[in-house]
Amino acid sequence: MDFFASHEVLLLSFEEALTRQDERSGRWYNLSTHFPWVGVRTSNPGGAHLEYLRGIANPVALKVGPAMTPETLNRLLDLLDPDGEPGRITLIHRFGCERIAECLPPLIEAVRGAGKRVLWCADPMHGNTRLTADGVKTRRFDEILRELEQAFDIHAADGGCLGGVHFELAGENVTECLGGARGLTEEDLGRAYKSEVDPRLNYEQALEMALLIARKMSALNGT
């Protein structure tokens, strides 16, 4: 079967070492992944990470957070996709459930007004990260779902559609995110918290989320 990989472009020395030029087209490709993306912290229009993405022919993605302005976003799109190539750019938005209704619509309008063609993808994980009183990083299932549902509704109301979702999940019974069908609480976090970086949905929460996404899509499509 076909298997496609994606990762964040963070260590440029690693990415550059695995970048090659296609002899037939003359274009450069990152061979470490099919779909490289840059995060909020490395999306400076004058920064090295954007300069690297600008020079490769892979489809690429850009994380978009609350600090992103319509003007800056269109500037980045001009930089990364000056020719308006279909499929070149994916925008992965991550605002948090409390801010998506405020932040997303102006960006959609700005991109459409500039005549840009992008794929919109939702990351409902990162904007909803919180710390417990004991300093443990976690996320709430209901807040992740709330941001995702709003993303579907906002795109639909604007005449478009949400083209993808970006989750952090594990195929194990970890206890890193709160809530879900079993109602995990802060007291459960220490039972099987295994992530060294970011809290992930466990296999049960991930399946529950997938079913809720399917129901939402069916409702929007009238099926």
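Yes or no: Glu204 modelled with pLDDT of 95 or more and either among the polar types (S, T, N, Q) or open to solvent by 20 Å² or more (accessible area, probe 1.4 Å) (or both)?
Here the answer is yes, as Glu204 does meet what is asked.
Starting from segment 125-152, keep only residues that are more than 19 Å from Ala101 (Cβ to Cβ), then list their pairs with residues that are β-branched (Val, Ile, Thr) and part of a loop (DSSP other than H, G, I, E, B) whose Cβ atoms are within a distance under 7 Å, requiring at least 6 positions of separation or different chains.
What qualifies is Thr138/Thr132.
When the residues of segment 99-135 are narrowed to those that are of a type in the set (A, V, I, L, M, F, W, C) and in a loop (DSSP other than H, G, I, E, B), which ends up most open to solvent (accessible area, probe 1.4 Å)?
Looking at residues that are of a type in the set (A, V, I, L, M, F, W, C) and in a loop (DSSP other than H, G, I, E, B), I get Ala133.
Report yes if Ala48 is loosely packed, with under 13 Cβ neighbours inside 10 Å, farther than 19 Å from Gly164 by Cβ and small (Gly, Ala, Ser), otherwise no.
In short, yes.
Quick check on my filter: what residues within segment 17-45 are within 23 Å of the chain's Cα centre (by Cα) and open to solvent by 60 Å² or more (accessible area, probe 1.4 Å)?
Of everything in segment 17-45, those that are within 23 Å of the chain's Cα centre (by Cα) and open to solvent by 60 Å² or more (accessible area, probe 1.4 Å) turn out to be Tyr29, Leu31, His34, Val40, Arg41, Asn44.
Take Ser6 and tell me if it is under 25 Å from Gly163 (Cβ atoms) and touching a strand residue (DSSP E or B) at 6+ places or on another chain (Cβ under 6 Å). Show your work before the answer.
On the way: under 25 Å from Gly163 (Cβ atoms): yes; touching a strand residue (DSSP E or B) at 6+ places or on another chain (Cβ under 6 Å): yes.
Considered against the rule, which asks whether it is under 25 Å from Gly163 (Cβ atoms) and touching a strand residue (DSSP E or B) at 6+ places or on another chain (Cβ under 6 Å), Ser6 comes out as yes.
Kindly indicate the residue of segment 72-94 that is open to solvent by 10 Å² or more (accessible area, probe 1.4 Å) and either part of a strand (DSSP E or B) or in contact with a strand residue (DSSP E or B) (Cβ under 9 Å, 6 or more places away or on another chain) (or both) and also nearest to Met209 (Cα to Cα) among those meeting that condition.
Taking the candidates together, the pick is Arg94.
Can you name the number of the only condition in (1) under 30 Å from Lys116 (Cα atoms); (2) modelled with pLDDT under 95; (3) open to solvent by less than 70 Å² (accessible area, probe 1.4 Å) that Leu212 fails?
Going through (1) under 30 Å from Lys116 (Cα atoms); (2) modelled with pLDDT under 95; (3) open to solvent by less than 70 Å² (accessible area, probe 1.4 Å) one by one, Leu212 breaks only (1).
Quick one: how many residues across segment 131-180 are at positive phi and touching a Leu at 6+ places or on another chain (Cβ under 6 Å)?
Looking only at that region, the number is 0.
If you go through segment 55-71, how many residues are of a type in the set (Gly, Ala, Ser) and either surrounded by 21 or more Cβ atoms within 10 Å (Cβ to Cβ) or assigned to a helix (DSSP H, G or I) (or both)?
1
Keeping to segment 153-198, report how many residues are part of a helix (DSSP H, G or I) and over 23 Å from Cys103 (Cβ atoms).
Residues in segment 153-198 being part of a helix (DSSP H, G or I) and over 23 Å from Cys103 (Cβ atoms): 6 in total.
Restricting attention to segment 153-202, which residues are of a type in the set (Val, Ile, Thr) and in contact (Cβ under 8 Å) with a residue 24 or more places away in the chain?
Ile154, Val165, Val174, Thr175
The values are calculated or read from the model by the stated rules, or taken from the named source; none is laboratory data. Note that the structure is predicted; figures quoted are calculated from it, not measured. A quick note on method: Cβ atoms are made from the backbone with ideal geometry, for glycine too, and the neighbour counts reach across all protein chains shown. Protein only, heavy atoms only, side chains kept; ligands, DNA and RNA dropped before computing areas. Shrake-Rupley method; radii C 1.70, N 1.55, O 1.52, S 1.80 Å.
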